[in-house]
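A short worksheet on the structure shown next.
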Amino acid sequence: MLEWVLAGMIGIVPPRQEPPDLETLKTCVAHMLVVETAVEEGHWATIPGAEPPRPGSRFRLTGMILLLDALAKAAERAGIDPASLAPEVEARAEQSPRAQTAADVAMALKREADCFRMLGVEEPEA
């Protein structure tokens, strides 16, 4: 069942002409981890004026799936085991400063959304 859902979500996104490079994708996955960690831990909910992403956002879910898939494919093209990138990407995410203000949260969400858009995922109109 999950395979059908993922196939349907991936099928709605037009493929890019040129795949992004491995370094860009590692940076994007680190941005995604920063956002996901903050959402899971609830840290952003305590920042006055911050607007954390909606739980279950199709935009974020699709973006995360495609971003991880793109990272794995780029690693394989470079002859690297995708799993071996995890420590480096996690370290990048951990080194990112924690959001302290609503503007910091907005910037983190923008970085993540820009990465998703790079892969062809468009955020729905509000």
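Computed from the coordinates by the stated procedures, all read-outs in this text should not be read as laboratory data. This structure is a prediction, so every number in the text was calculated from the model and none was measured. Note: ideal-geometry Cβ built from the backbone for every residue, glycine included; neighbour counts use all protein chains shown.
How large, in Å, is region 14-126 by the Kirkwood hydrodynamic radius built from its alpha-carbon pairs?
Numbers: mean 1/r = 0.0685 Å⁻¹.
So the Kirkwood estimate lands at 14.6 Å.
Please identify every one of the trypsin sites (Lys or Arg not before Pro) in region 91-126 that sits in a loop by DSSP and has no more than 16 other beta carbons within 10 Å of its own beta carbon. Working shown, then result.
Numbers: sites: Arg92, Arg98, Lys110, Arg111, Arg117; in loops: Arg98.
Answer by residue number: Arg98.
Please list, in order along region 76-85, the HN-Hα scalar couplings obtained from phi with the Karplus expression 6.51 cos²θ - 1.76 cosθ + 1.60 (θ = phi - 60°), rounded to whole Hz, x for Gly and Pro.
After applying 6.51 cos²θ - 1.76 cosθ + 1.60, I find 4, 4, 8, x, 10, 5, x, 5, 6, 7 Hz.
Where Lys and Arg each count +1 and Asp and Glu each count -1, what net charge lies around Glu36 among other residues with Cβ under 14 Å from its Cβ?
Numbers: positive: Arg54, Arg60, Arg92, Arg98, Arg111; negative: Glu40, Glu41, Glu90, Glu94, Glu112.
Summing Lys and Arg as +1 and Asp and Glu as -1 gives 0.
Residue by residue through region 40-47, which ³J(HN,Hα) values in whole Hz follow from phi under the Karplus form 6.51 cos²θ - 1.76 cosθ + 1.60 (θ = phi - 60°), with glycine and proline marked x?
Once rounded to whole Hz, the list reads 4, 7, x, 4, 5, 5, 8, 8.
Let's test the formula: R0 of 22 Å, r as the Cβ-Cβ distance of Thr46 and Asp114. What FRET efficiency results, to the nearest 0.05? Could you put the intermediate results ahead of the total?
On the way: r = 25 Å, r/R0 = 1.15.
So, using R0 = 22 Å, E works out to roughly 0.30.
What does the charge count around Ala45 come to, taking other residues whose C-beta lies under 13 Å from its C-beta (Lys +1, Arg +1, Asp -1, Glu -1)?
So the environment of Ala45 carries a net charge of -2.
Leu61 to Ala91: FRET efficiency via 1/(1 + (r/R0)^6), r the Cβ-Cβ distance, R0 22 Å, to the nearest 0.05? Present the calculation step by step, with values, prior to reporting the outcome.
Working: r = 25 Å, r/R0 = 1.13.
The formula returns an efficiency of 0.35 here.
Skipping prolines and chain starts, which residues have an amide H placed within reach, meaning under 5 Å, of the one on Ser57, given they are 5 or more residues away or on another chain?
none
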